[in-house]
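Only one structure is covered here, and it is reproduced in the block below.
Laboratory data are not the source of any read-out in this text; all were calculated from the coordinates shown. Since the structure is predicted, the reported quantities are computational estimates derived from the model, not experimental observations. Cβ sites come from the backbone with ideal geometry, for glycine too, and all protein chains shown count toward neighbours.
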Amino acid sequence: MKPATAVLLAWPTAAADRGRVALIAAATAVAGAFLLAAVRIARFSGRDDGGGDGLARYVTEPGLRPGVAVAVGLLVVPVLALGVQALRVGSVARDRRMASLRLAGATPRAVRAVAAAEAGGAALAGGLAAGPAYLALWVLLGVLPPGGLALLPAPTPVDAVAWAGVALLAAVGGALAGAAVQGRVVVEALGVRRRASSNRPGRLNPAVLVTGGVLVVAGTVGPVVEARAGAMAIYIMMVGILLSAFAVGPRLVGLSGRLLSRRAGAEALLAGARLTADPRSSGRVAAVLVICGVALGVDAALAVDFLTQRESTDKGFYLTGFALVALGVLVGACVAVLTLLVGAADGLLDARRPLATLTALGVDQPLLSRVLARQLAAVAVPAVVVGVLIGGGMPALPFLLVDPTGSAILTVVFTVATAVVAGLAAFVAARLTARLLRAHVRAATDPENLRVA
Amino acid sequence: MSESHDRLVLELNGVEHAYRRTVALRGVGLEVGPEEVVAVTGPSGCGKSTLLHIAAGILRPQAGAVRLLGEDLDALGEAARTRLRRERVGIVLQFGQLVPDLSLLDNVALPLLLAGEERAKARGDAAVWLERAGLDAPLGPSPAELSGGQAQRVAVARALVTEPALLLADEPTGSMDTKGGEHLLDLLLGAARERGAAVVLVTHDNVVAARADREVRLRDGAVEAEAVLR
């Protein structure tokens, strides 16, 4: 198939296709803007580069800058997870369209090329929009806030090379992801069937999990053994956390699903069975929430240690830093919840016939909404709680090893309290998300769907 | 209301329904007595499925009255209609009606679980009905791996597990071969007779309709003819 034909066939015409493309482009633009901001922050040459007072000191202070750049870069992770989820929006209608292409003579490879062209094009548009989005971010956080509240120094032009790199990376990544998602669906001329999605972790999962775990342990105990390992240990730990979280996410969701299925009642059975049947999609959101939890746990534990141990003339500056990290975690968690919402909405559309059948059997809509709420809570709450406990445990462990006194124990207690509060917040977010989806549940259970094949 | 009307399992009077500009039912009336098997027949698009959905309380008619098991459906709220359907009506649809995420055993046990039954008891009852339907419950395949005929047998087991007073079946043999269809009807009608349940069979297949006590023929959304078959 000629590239021009692939682009022509990939051009979004239906509302669902336009929605999917817009969401992919928007997520890529925001992720690209965060990436460009991280690169720009990392490249500051010192106080003389843009200067800055008040909150901008977190960026201009050479000792803090690498950490800030990495933190901003980490915000890319939840937004990319949203982008990956967006690839699956409206997949039922898209699969039907692909089947009609097959009927018209397109080969399986050509169908994958169309999917790659659609996702790659949307991601390229997002990558190109990342430049203006970066400038908007800079204006929003660096120009509009008054005086010392500006979080970033004066706006600087987009780094053209980095921008081009982001656009290229987005296009290639989007095309590969689009082809991969289409690869999970067998499109034949007479219809579509999804490949039975395995409810077991992939073959590489154990290796990724072990590697991630080793890196996390190495990063945690490294500074205890060798004091000069500080900065490098943080980077090693961060890579380890990312690998571990994405390996553990689907396992955590699968475990939640199995535990839920064993509880009494149809509500728990339906919610648990859904999670057990496809833990990978929700597992990505769980992974992002584990990462958010880890960041919050580390932040909370370090804040307690700072308050109880350190004598500092600039306490307010550091405490504000801890608060800003918590704010960043909140942003990441909100994006993760949005991903959960998009996934759940699409799942309802995908399962509208079984759901309409359940209604015909006597399952009322409030019960289906409660099933959805339990399903979402079973993804979000364990992920956040486990993340906070691991995150808080990482600094608490060396504190306990070095000096197992009152302040180390206080750190552990505060970590557990943070885990409880974060878990409650995740529960409330899951309930609110399910509430927002009530109209989708109503639409999915419409008797008209009983006529949908 | 007369005593004979009180004994009716299902009663539709002057039921009308339309989907936007397409009229599906025009003043349809239907009465089904206890233990009676009624076949609703007619060509595609004549309103058979709409009639069944209205009879089950899944759809509210735009005009007319429906009494199901002595209850005026129009007077019941959504929750009460759902409860009535769950507890006293068994429904078999044409295809794709099993919950893909659940095992066969849990699919059949689901109506009992929804009614608040203990998991072990519900699964025990479900296993009995699955066995009657000719399927091995614990070692059985997942719903996605079933043939159309096997899925229908599971659906029939699920419709029967609550021992309903009324069974509503929409083209239950539509996706099956002749022999498989006969076996399914044996299971469905045999169990209904054992339990004293009434049955409404929606079908366009004359062989299936011939198994009923009475046939009601629809055309263009209205009753065209009625015939007592046995």
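List of remarks:
- Amide hydrogen proximity for B:Ala39: with H placed 1.01 Å from N in the peptide plane, the residues at 5 or more positions away or on another chain lying under 5 Å are B:Leu201, B:Asp213, B:Arg214, B:Glu215, B:Val216.
- Local electrostatic count at A:Thr276 - Lys and Arg +1, Asp and Glu -1, tallied over other residues with Cβ under 9 Å: 0
- Put a plus charge on the Cβ of each Lys and Arg, a minus charge on the Cβ of each Asp and Glu, and nothing anywhere else: the dipole of chain A about its Cα centre is then about 1960 debye.
- Fraction of beta bridges assigned by DSSP in the protein assembly as shown that are antiparallel (%, nearest 5): 60 percent
- Once backbone amide H atoms are built at 1.01 Å from N, B:Val223 has B:Gly29 as its partners under 5 Å, excluding neighbours fewer than 5 places away on the same chain.
- Sequentially through region A:14-20, phi angles give Karplus couplings (6.51, -1.76, 1.60; θ = phi - 60°) of 6, 4, 5, 5, 5, x, 4 Hz, Gly and Pro residues having no value and appearing as x.
- Residue-count net charge about B:Leu110 - beta-carbon cut-off 12 Å; Lys, Arg +1, Asp, Glu -1: -1
- Debye intensity ratio I(q)/I(0), log10, chain A, q values 0.10 Å⁻¹ (C-alpha model): -0.80
- Cα radius of gyration and Dmax for region A:301-406 (Å): 21.6, 68
- Between A:Leu259 and B:Ala75, the modelled label-to-label distance comes to 4.8 nm, taking each label 7 Å out from Cα in the direction of the beta carbon.
- 5 angstrom amide H check on B:Ile91, placed H, neighbours 5+ away: B:Leu168
- Considering only A:Ala434, A:Gly257, A:Gly316, the residue lying farthest towards the positive end of the dipole of the protein assembly as shown is A:Gly316, judged by Cα position with unit charges set on Cβ.
- Binned Cα-Cα distances of region B:1-89, short to long, each 10 Å bin given as a whole percent: 16, 50, 30, 3
- Each Lys and Arg Cβ is given +1 and each Asp and Glu Cβ -1; about its Cα centre, region A:44-169 then shows a dipole of about 860 debye.
- Structure-based [θ]222 nm, chain A - -39500 (n - 2.57) summed over DSSP H runs of at least 4, per residue, nearest 500: -26500 deg cm²/dmol
- Ordering B:His204, B:His17 by the number of other Cβ atoms within 10 Å of each residue's own Cβ, fewest first, gives B:His204, B:His17.
- Our summary of shape: the Cα atoms of region B:126-230 have principal axis extents of 47, 27, 22 Å, ordered from largest down, in whole angstrom.
- The Rg/Rh ratio for region B:126-178, using Cα coordinates for both the radius of gyration and the Kirkwood hydrodynamic radius, is 0.96.
- In order through region B:147-152: 3J(HN,Hα) via Karplus (6.51 cos²θ - 1.76 cosθ + 1.60), integer Hz, x for Gly, Pro: 6, x, x, 4, 4, 5
- Of the residues A:Ala129, A:Leu330, A:Ala180, the one whose Cα sits farthest toward the positive end of the charge dipole of chain A, with +1 on the Cβ of Lys and Arg and -1 on the Cβ of Asp and Glu, is A:Ala180.
- For the segment A:264-273, counting C-beta atoms of other chains within 10 Å of every residue's C-beta and taking the mean gives 6.
- For the protein assembly as shown, the residue among A:Gly105, B:Val156, B:Pro61 whose Cα projects farthest onto the positive side of the dipole built from Cβ charges is A:Gly105.
- Relative contact order of chain A, defined on C-alpha pairs under 8 angstrom at six or more residues apart (%): 16 percent
- Among B:Glu35, B:Glu194, B:Glu71, the residue with the largest mean-square fluctuation in a Gaussian network model of chain B, with springs joining Cα atoms closer than 10 Å, is B:Glu194.
- Near B:Ile54, once Lys and Arg are set to +1 and Asp and Glu to -1 for all other residues with Cβ below 15 Å from its Cβ, the sum equals -3.
- A crude spin-label estimate for the pair A:Val161 and A:Val70, with each label 7 Å from Cα along the Cβ direction, gives 2.4 nm.
- At R0 = 30 Å, FRET efficiency that the Cβ-Cβ distance of A:Arg438 and A:Phe322 yields, to 0.05: 0.20
- Dipole check for region A:323-411: with +1 at the C-beta of Lys and Arg, -1 at the C-beta of Asp and Glu, and the Cα centre as origin, the magnitude is about 260 Debye.
- Per-residue Karplus couplings for region A:417-424, computed as 6.51 cos²θ - 1.76 cosθ + 1.60 with θ equal to phi - 60°, are listed in order as 4, 4, 4, 5, 5, 5, x, 5 Hz, Gly and Pro entered as x.
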